[in-house]
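Okay, so here's the structure we're looking at.
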Amino acid sequence: MRRLLFQSVINRPVTEAAPALDGAALAELAARIDSAARRRLGRSLAIRAVDAGSCNGCELEIHALNNAIYDLERFGLRFVASPRHADVLLVTGPLARNMREALERTYVATPAPKWVVAVGDCAIGGGVFAGSYAVCDGIGGVVPVDLKINGCPPTPEQLLRGLLALLEANA
Amino acid sequence: MAEGPIDALARQRPLGAGPLVRTIVDVAGWEALAAELANGDAWSLLAHWAEPGAVHAAVLDARDGAVAVATLICPANRFPSLGRRHAPAIRLERAIRDLHGIVADRAPDLRPWLDHGRWPLRHPLAPLPDAPVAPPPYSFLVAEGEGLHKIPVGPVHAGIIEPGHFRFSANGETVVRLEERLGYVHKGIESLWQHAPIDRATRIAARISGDSTVATSFAFARAVEAALGVAVPPRATWLRGLMAELERIANHLGDIGAICNDAAFTLMHAHCGVLRERVLRACAVAFGHRLMMDRIVPGGVALDPSDDGLAAIRSALGEIDGRFPQLIELYDDTPSLQDRTVGTGALSTALARQFAAGGYVGRASGRDFDARRAVPYAPYDALVFDVPVRTQGDVDARVWVRILEVRESVRLVRAILDRLPDGPVQHDGVARPDGVVSEGAAMVEGFRGDYFAWVRVDEQGRIARAHVRDPSWFQWPLLEAVVEGNIVADFPLCNKSFNCSYSGHDL
């Protein structure tokens, strides 16, 4: 273990520079975030991920944000275990009807000010599952969506761009 | 609209060569099947599903790897329960009842499974679905005794994982019973497949479980090809194998790190996470998608990687060669980590065999089964590879099986790259309608275990019905068994070492 730790000290970090900001996402967000909320939150956002029926593809890429290459926490963004600690709900999946109540309760449990990010084509409009008896064709009909990140699944870079825009609009 | 299996079979073309045949049995034959499954000497239940007026059971004969599908016609929507004699069928029968309204007679558990009373209809796959009724509260199994307390967890979990509900009954720190409640991510995939054009159905099949998108696409494509009698060009089958092994490597790397992370050993997690990312990036260069979603399609593969793409894969393998041995050493030489994994969550060989547990769950408990070898398919029929097996059945054994499988898959990827044949990667005109109803089935080994896929293609070349059974169906019940007697804090380790799919199970 000592050798591995030593190598980590002498080698350059694998972490990569932040991607360029997504202008469209910034504009979308600027209109939704008021200055009082910006002052209160500063440059740090706590994120609670909610899988509302995803295939798990989006979760894999959200996970990747925490690896040493993307290192989400350096931006002041961190994942928290409870909605009560969260500023942002990151919601994936077409919203399975069996998850609807859980999502509603998670949203209510999150203290204001709060934002909802719809991650992936499913959360935005149901994706390939749209039209099924078992899903709500996206989360928009149940919780107010502040930011959409397209993709199936969105890459970690796309996710990072969206989340950094949220942080920027908030600063 | 709803066509019975007899009508379908009457117009069915011969399935030709292939190990998967479907036979219609009578009630006595069905009961004999249940008895043989319960006896447990040779047969394992691979899948159990339904369509209007009929139930199907796929069984595997462990002696020669033969797979057969038995169909029982049940016009009164009742059939003798397999679950009564063979426990692995219980949840499948509960799902059949929820989706079709077809009831297993004398079934040991009549509670709903996938239907939580939230859909706008009941029995969504029946010819005429029923109106919804408010269900009674779900009754969990009882655990009673002095000092017992309950810990309800989920469906929204603390980590970034899929939703499901776990009900622990604990005495102090010791778990005396775990009961799972699943179905939260049921998306109605089988209903979406009905009457879907093959290309749309294939996109849905790629999203059964995101971490196994290659494996489910592979299984679905092979089932469609078996139904239509399509021959896949050799280069395409080798590229399929390449993607399947890369998917296995990426998932194992992620999970080995995540298991150690659940023992608060973050160093391993950090290093494995970087290696996993390298593999996914190489996949993106070679196949244009990090998870290789929608790349395997009936008739071949959607994209032929460039030389640069193949070089990116070789380069990622080089990085694994350089760094993975150190990580194995780190796992092996850290007593505080071994203290958490050795002896934890032990699964007996008997249970692994009874439930036909696929993948590393079965192979860490002495069930030496791998669909790549047992039911050979291209390109694996032309490749030589080891299937690592352990017998201890604990978290440590599951970690070791995965470590050894990473090594073996790296070897396989190199062998495939070295021998990749030239030629086209797509058979033309797969979905040509020819006025014939036909069926096909296939088994494919994913990283988590074996997938079983069955499809029926209608006269217009669309999917009439399809079913894909995720390996998690037979692994989830075993997680309940292995947690018993462990401490609550070891549940995340047990759970992550299984890493069952919620989405693939809930479908």
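The values are calculated or read from the model by the stated rules, or taken from the named source; none is laboratory data. Everything numeric here is computed off the predicted structure, so don't read it as measured data. All Cβ positions, glycine included, derive from the backbone under ideal geometry; neighbour counts span all protein chains shown.
Can you confirm whether residue B:98 is at pLDDT below 95 and charged (D, E, K, R)? So residue B:98 does not fit the description; no. Annotation: of all residues in the stretch B:122-160 being in contact (Cβ under 8 Å) with a residue 60 or more places away in the chain and surrounded by 15 or more Cβ atoms within 10 Å (Cβ to Cβ), the one that is farthest from the chain's Cα centre (by Cα) is B:126. Within the stretch A:63-72, if we keep just the residues that are hydrophobic (A, V, I, L, M, F, W, C) and facing chain B (nearest Cβ under 7 Å), the residue that is surrounded by the most Cβ atoms within 10 Å (Cβ to Cβ) turns out to be A:64.
Do you know which residues across the stretch A:58-71 are touching a Ser or Thr at 6+ places or on another chain (Cβ under 7 Å) and closer than 23 Å to residue A:103 by Cα? Those that are touching a Ser or Thr at 6+ places or on another chain (Cβ under 7 Å) and closer than 23 Å to residue A:103 by Cα: A:58, A:59, A:61. Tallying residues that are within 11 Å of chain B (Cβ to nearest Cβ) and farther than 20 Å from residue B:261 by Cβ within the stretch A:40-57 yields 6. Taking the numbered list (1) surrounded by fewer than 24 Cβ atoms within 10 Å (Cβ to Cβ); (2) away from every other protein chain (no Cβ under 14 Å); (3) within 26 Å of residue B:263 (Cβ to Cβ); (4) without any contact (Cβ under 8 Å) to a residue 24 or more places away in the chain in turn, residue B:332 passes all entries but (2).
Is it fair to say residue A:168 is modelled with pLDDT under 95, more than 8 Å from chain B (Cβ to nearest Cβ) and out of contact with any helix residue (DSSP H, G or I) (no Cβ under 9 Å at 6 or more places or on another chain)?
Details: modelled with pLDDT under 95: yes; more than 8 Å from chain B (Cβ to nearest Cβ): yes; out of contact with any helix residue (DSSP H, G or I) (no Cβ under 9 Å at 6 or more places or on another chain): no.
No, not satisfied.
For residue A:110, indicate whether it is crowded, with 24+ Cβ neighbours inside 10 Å, out of contact with any His (no Cβ under 6 Å at 6 or more places or on another chain) and either closer than 16 Å to residue A:46 by Cα or of a type outside the set (D, E, K, R) (or both). The answer is no for residue A:110.
Inside the stretch B:291-317, can you point out the residues that are assigned to a helix (DSSP H, G or I) and either in contact (Cβ under 8 Å) with a residue 24 or more places away in the chain or aliphatic (A, V, I, L, M) (or both)? Give the derivation first.
Within the stretch B:291-317, the subset assigned to a helix (DSSP H, G or I) is B:307-317.
Passing the criteria: B:309, B:310, B:311, B:312, B:313, B:314, B:315, B:316, B:317.
For the stretch B:43-66, a residue qualifies if it is among the aliphatic types (A, V, I, L, M) and modelled with pLDDT under 85, and the qualifying residues are B:62, B:66.
Within the stretch B:218-232, is there a residue that is β-branched (Val, Ile, Thr) and closer than 14 Å to residue B:507 by Cα? No, the conditions are met nowhere in the stretch B:218-232. Of the set (1) free of Cβ contacts under 8 Å to residues at least 24 places away in the same chain; (2) more than 19 Å from residue B:243 (Cα to Cα), all apply to residue B:418 but (2).
Residues checked against (1) under 21 Å from the mean Cα position of the chain (by Cα); (2) closer than 29 Å to residue B:82 by Cβ; (3) assigned to a loop (DSSP other than H, G, I, E, B):
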| residue | (1), (2), (3) |
| --- | --- |
| B:356 | yes, yes, yes |
| B:365 | yes, yes, yes |
| B:392 | no, no, yes |
| B:397 | yes, no, no |
| B:402 | yes, no, no |
| B:414 | no, no, no |
| B:417 | no, no, no |
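Among the residues that make up the stretch B:98-105, is at least one of them surrounded by fewer than 12 Cβ atoms within 10 Å (Cβ to Cβ) and within 14 Å of chain A (Cβ to nearest Cβ)? Scanning the stretch B:98-105 turns up no residue that is surrounded by fewer than 12 Cβ atoms within 10 Å (Cβ to Cβ) and within 14 Å of chain A (Cβ to nearest Cβ).
Going by the structure shown, is residue B:430 out of contact with any Lys or Arg (no Cβ under 7 Å at 6 or more places or on another chain), of a type in the set (A, V, I, L, M) and closer than 18 Å to residue B:219 by Cβ? Answer is yes for this residue. The set of residues in the stretch A:116-135 being away from chain B (no Cβ under 11 Å), farther than 13 Å from residue A:50 by Cα and buried (at least 19 other Cβ atoms within 10 Å of the Cβ) consists of A:124 alone. For residue B:387, which of the numbered conditions (1) crowded, with 24+ Cβ neighbours inside 10 Å; (2) under 22 Å from residue B:237 (Cα atoms); (3) under 20 Å from the mean Cα position of the chain (by Cα) fails to hold? Exception for residue B:387: condition (1). Assess whether residue B:339 counts as being under 25 Å from residue B:410 (Cα atoms), among the charged types (D, E, K, R) and surrounded by fewer than 23 Cβ atoms within 10 Å (Cβ to Cβ). Against the criterion (under 25 Å from residue B:410 (Cα atoms), among the charged types (D, E, K, R) and surrounded by fewer than 23 Cβ atoms within 10 Å (Cβ to Cβ)), residue B:339 does not qualify. Determine if the stretch B:201-221 includes at least one residue that is surrounded by fewer than 21 Cβ atoms within 10 Å (Cβ to Cβ) and either more than 9 Å from every other protein chain (Cβ to nearest Cβ) or within 20 Å of the chain's Cα centre (by Cα) (or both). Yes, the stretch B:201-221 has at least one match.
Name the residue that is nearest to residue B:55 (Cα to Cα), counting only residues in the stretch B:31-45 that are part of a strand (DSSP E or B) and touching a residue at least 40 places away in the same chain (Cβ under 8 Å). Checking each candidate, the answer is B:45.
Residue A:110 meets all of the listed conditions (1) free of Cβ contacts under 8 Å to residues at least 60 places away in the same chain; (2) more than 8 Å from chain B (Cβ to nearest Cβ); (3) farther than 13 Å from residue A:147 by Cβ but one, namely (1).
Could you tell me which of the residues B:402, B:373, B:398 is surrounded by fewer than 22 Cβ atoms within 10 Å (Cβ to Cβ), at negative phi, basic (Lys, Arg) and in contact with a helix residue (DSSP H, G or I) (Cβ under 9 Å, 6 or more places away or on another chain)?
Details: B:402 fails: surrounded by fewer than 22 Cβ atoms within 10 Å (Cβ to Cβ); B:398 fails: surrounded by fewer than 22 Cβ atoms within 10 Å (Cβ to Cβ).
Result of the check over B:402, B:373, B:398: B:373.
Search the stretch A:115-171 for residues being under 11 Å from residue A:92 (Cα atoms) and of a type in the set (D, E, K, R), and hand back the single one that is farthest from the chain's Cα centre (by Cα). Only one residue tops the list, namely A:121. The set of residues in the stretch A:73-105 being among the hydrophobic types (A, V, I, L, M, F, W, C), farther than 14 Å from residue A:49 by Cα and either within 11 Å of chain B (Cβ to nearest Cβ) or in contact with a Pro (Cβ under 9 Å, 6 or more places away or on another chain) (or both) consists of A:96 alone.
Selection of the stretch B:130-161 for residues being out of contact with any Lys or Arg (no Cβ under 6 Å at 6 or more places or on another chain) and more than 27 Å from residue B:484 (Cα to Cα) yields B:131, B:133, B:134, B:135, B:136.
Does the stretch B:260-276 contain at least one residue that is more than 11 Å from chain A (Cβ to nearest Cβ), of a type in the set (Val, Ile, Thr) and either more than 16 Å from residue B:453 (Cα to Cα) or surrounded by 24 or more Cβ atoms within 10 Å (Cβ to Cβ) (or both)?
So in the stretch B:260-276, the residues more than 11 Å from chain A (Cβ to nearest Cβ) come out as B:260, B:262-264.
Next, only the ones that are of a type in the set (Val, Ile, Thr) stay: none.
No, the conditions are met nowhere in the stretch B:260-276.
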